Every structure is written in structure tokens, then in C-alpha cells.
Amino acid sequence: MIIKQVSVFLENKSGRLSEVTRILGDAGINISAFTIADTSDFGILRLVVSDPDEACKVLRDSDFSVQTTEVLLANSPNKPGGLAQMLEFLNAKGAFIEYMYAFSMNEDQATIVIRPTNMQRCLAILEEYAG
């Protein structure tokens with residue numbers, strides 16, 4: 001499934017992450033998953049949220065630099081080797097992944113957030129994998 005991910009550019013400054021989460025919480029926007037990539041000067045907070053368009057609006061209104069990006073959600077068995085099996089299939093079919101992160105809501109299944117270089121190709125490969 002293709003969804004919108006919210007990316008927030010943050011200065012590496014104390015309190016910026018808590019400010020983002022407070023703004024989203026005050027707006028009634030739920031965070032399902034997130035990851036942070038940082039350098040010495042700034043970080044990129046990537047979020048899967050309940051309402052990406054509203055998240056962008058409220059964060060922009062608070063002077064954050066924000067954008068949305070399409071990502072794929074894929075399910076993988078939440079067991080040893082489950083992710084490796086899916087990644088090996090993607091690799092064998094020529095999918096290239098820029099980045100990914102995961103979360104699990106239960107013991108049986110993990111949800112993987114994938115940003116591939118070719119969205120439609122990766123989606124087709126994942127559909128083949130699931131089928």
C-alpha cells in the first residue's frame with residue numbers, strides 16, 4: 001500500500017522533537033511510526049501519521065519545514081528471518097531501497113515502511129511476494 005509520509009526538517013536543538021510531537025498531539029494527529037536521521041546540524045524526522053495533510057499544515061503554521069513523500073507499507077511475519085526473506089526477494093527482483101523502518105503492533109506481524117527508488121516496481125514486486 002502506498003501512503004504519505006511526513007518529513008520534518010529539524011535543527012539539532014534541544015526541545016525541537018518534543019515541540020513537533022506536542023503540535024501534532026494538540027491537533028489530534030496520531031503518530032503510528034517514526035524515525036530520525038541526523039547530521040551534526042539538522043535532523044530529518046520521518047513520520048507515519050493519521051492525517052498527513054493536516055500534520056503538514058499545523059507544522060508549517062508553526063514555522064517547520066515540512067514535506068510529504070510517498071512510501072510503501074509492507075507486512076512481514078514478526079519472527080526471526082521474516083524480514084530477511086522479504087528483503088532477499090526484493091533484492092533478487094532488482095528493487096533498490098533508499099531507506100526503511102519498521103514497527104509492530106502485535107506478535108504476529110510487523111509493518112515495514114519502505115522508500116524505494118522506483119515505487120511502482122517495488123509495489124509490483126511486493127504484490128508478487130505476497131501472492
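No lab work stands behind these numbers, since they all come straight from the coordinates. From a predicted model like this one, the values you see are computed outputs, not experimental measurements. FYI the Cβ positions are ideal-geometry reconstructions off the backbone, even for glycines, and counts take in every protein chain you see.
Brief remarks on what is shown
- Folded to 0 to 90 degrees: helix 119-130 orientation relative to the chain principal axis, Cα: 50
- Taking amide H as placed 1.01 Å from N in the peptide plane, the amide H of D51 sits under 5 Å from that of N30, each at least 5 places away or on another chain.
- For F42, the residues 5 or more places off, or on other chains, whose built amide H falls under 5 Å of its own are N12.
- Proximal aspartates and glutamates relative to K79, as straight alpha-carbon distance under 16 Å, when same-chain residues fewer than 8 apart are discounted: E88, E107, D108
- Within the listed set A110, A55, A37, the Gaussian network model of the chain (springs between alpha-carbon atoms below 10 Å) gives the highest mean-square fluctuation for A37.
- Estimated from the Cβ-Cβ distance and a Förster radius of 30 angstrom, the FRET efficiency linking K57 and E128 is about 0.20.
- Per-pair calculated FRET efficiency, R0 = 25 Å: M119 and F42 via Cβ, rounded to 0.05: 0.45
- For the range 21-28, 3J(HN,Hα) computed residue by residue from phi via the Karplus equation (6.51, -1.76, 1.60; θ = phi - 60°) reads 5, 5, 4, 5, x, 4, 8, x Hz, glycine and proline entered as x.
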